[in-house]
Amino acid sequence: MKSSALLCFRINVFSCSSESGNPASVILSDRALSAVVKQRLAKKLGTAETAFVTRMQSGFVLEFFTPVVPVRSCGHASLAAACAVDMAYPSAGKTICFLLHGEPLIVEKKQRSQTHFSLFDRAWHIKKASSAPVSLLAALNIQGNQYPFFHLTNDNGRSRCAILLPDEATLFRLHPGNVRLSAFLSEQHTGCFAFTYCVSRRESMVGRFFAPHIGIDEDIYNGNSAIAAVSLANYICAKSGFSGPDYLNVSQGKHHAQLSHARVSMAGHDMISSVALEAELHVCEHFYLDEDAN
């Protein structure tokens, strides 16, 4: 790696090609970069999230920035970071342990493919609300208040809201980037998941994720969204007296039928709170970027 420049990658996650999936940027560094530099580089690269990986004596330190603000976690960018580390540091091995806010985050390279990885993470904690906020329903152009609404938190300190809709037609009528949605989510300082069951495919859900308060009108194929989907499915099954699914295929984005799917499975011995997010990745390009680039 050049000492005067940073090695950068553009990687499409949940995809085998450059035409689909969710793009993430990854910057690898052997020295600590300031938050100001990282924010400037993330804005320059312009993807929804940029992962910064710093190789330290203690391991690989992982951080995330959108073009606007730092964020505490990002599923698809974590997978992209593992792919970049695997390419740049082959001695890292098939199991890559990142340090995220001082806590370990494990990503494992699958044997069947050079670009297939699994992220092992904690499930979201679910709490059902009595009803969805009227202002949110109005922002999403949803009539009535009969849809289940949930508050979600994870161990990384993130909070989200989620609404469960009756069908894909209702889900795809939602409009990202509108002023009322941005105002509501900014006021609540949260993002919003919207899910529905996919009746045409077993063990499947369809979802969308909106986070305009951090500069993301809609994030297609959001890894945390896929983890939230399986967390929500298991919560609903448990409350109904049924066992949850062993795995879930999660399609995301308005044009999900044209894209690949995320596969989420329950992992380890803690079947309620541990999940594995699997993804195929496509490396679009790698290049060097000067730390002072504007």
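Every read-out reported here was derived from the displayed coordinates using simple, explicitly stated rules and does not represent laboratory data. Computed from a predicted structure; not experimentally measured. We place every Cβ from the backbone using ideal geometry, glycine too, and count neighbours over all the protein chains shown.
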Q.
Under 5 Å between amide hydrogens, which residues at least 5 positions from Ile142 or on another chain qualify, with H placed 1.01 Å from N in the peptide plane?
A. none
Q: Of the options Leu119, Ser91, Ala226, report the single residue whose Cα projects farthest towards the positive end of the charge dipole of the chain (beta-carbon charges: Lys, Arg +1; Asp, Glu -1).
A: Ala226
Q) Say we join alpha carbon atoms closer than 10 Å with springs in a Gaussian network model of the chain; which of Glu218, Glu103, Glu280 then has the biggest fluctuation? A) Glu103
Q: With θ set to phi - 60°, apply the Karplus curve 6.51 cos²θ - 1.76 cosθ + 1.60 along the range 245-252 and write out the HN-Hα couplings as whole Hz, x wherever there is a Gly or Pro.
A: x, 5, 8, 8, 8, 10, 9, 9
Q) Given springs between every Cα pair under 10 Å in a Gaussian network model of the chain, which of Ala226, Ala238, Ala211 has the largest fluctuation? A) Ala238
Q) Which one of Leu248, Ser20, Phe149 has its Cα pushed farthest toward the positive end of the charge dipole of the chain, where Lys and Arg give +1 and Asp and Glu give -1 at the Cβ? A) Phe149
Q) Any idea how many Lys pairs in the chain come in under 28 angstrom at the alpha carbon, given 8 or more places apart or on separate chains? A) 15
(Q) In Å, what Kirkwood hydrodynamic radius results for the chain from the alpha-carbon pair distances? (A) 19.4
Q | For the range 226-241, 3J(HN,Hα) per residue [Karplus equation, 6.51 cos²θ - 1.76 cosθ + 1.60, θ = phi - 60°, Hz, x = Gly/Pro] | A | 5, 5, 4, 4, 6, 4, 5, 4, 5, 4, 5, 4, 4, 5, 8, x
**Q.** Acute angle (nearest 10 degrees) that the helix 75-88 long axis makes with the longest principal axis of the chain, alpha-carbon atoms
**A.** 20
(Q) If you take every DSSP beta bridge fully contained in the chain, what fraction is antiparallel? Give it as a percent rounded to 5. (A) 80
(Q) Quick one: 3J(HN,Hα) in Hz for the range 161-168, Karplus 6.51/-1.76/1.60 with θ = phi - 60°, rounded, Gly and Pro as x. (A) 10, 9, 10, 9, 9, x, 7, 5
Q: Between Asp30 and Asp155, take the C-beta separation as r, use R0 = 30 Å, and let me know the FRET efficiency to the nearest 0.05.
A: 0.55
Q: Under a 10 Å cutoff between Cα atoms, tell me which one of Arg160, Arg55, Arg208 has the largest fluctuation in the Gaussian network model of the chain.
A: Arg55
Q: Would you mind computing, in nm to one decimal, how far apart the modelled labels at Glu103 and His189 are, each placed 7 Å from Cα along Cα→Cβ?
A: 1.8
**Q.** Debye, to nearest 20: dipole size of the chain, +1 on Lys, Arg Cβ, -1 on Asp, Glu Cβ
**A.** 260
Q) Near the amide H of Trp124, under 5 Å away, which other amide H atoms are found, from residues 5 or more places off or on another chain, if H is placed in the peptide plane? A) Ser231
Q) 222 nm [θ] for the chain, helices only, -39500 (n - 2.57) per DSSP H run of 4+, per residue, to 500? A) -6500 deg cm²/dmol
**Q.** Under 5 Å, built H, 5+ apart or other chain: amide partners of Glu49
**A.** Ser25
Q: Counting only C-alpha contacts under 8 Å and six or more residues apart, can you give the relative contact order of the chain as a whole percent?
A: 22
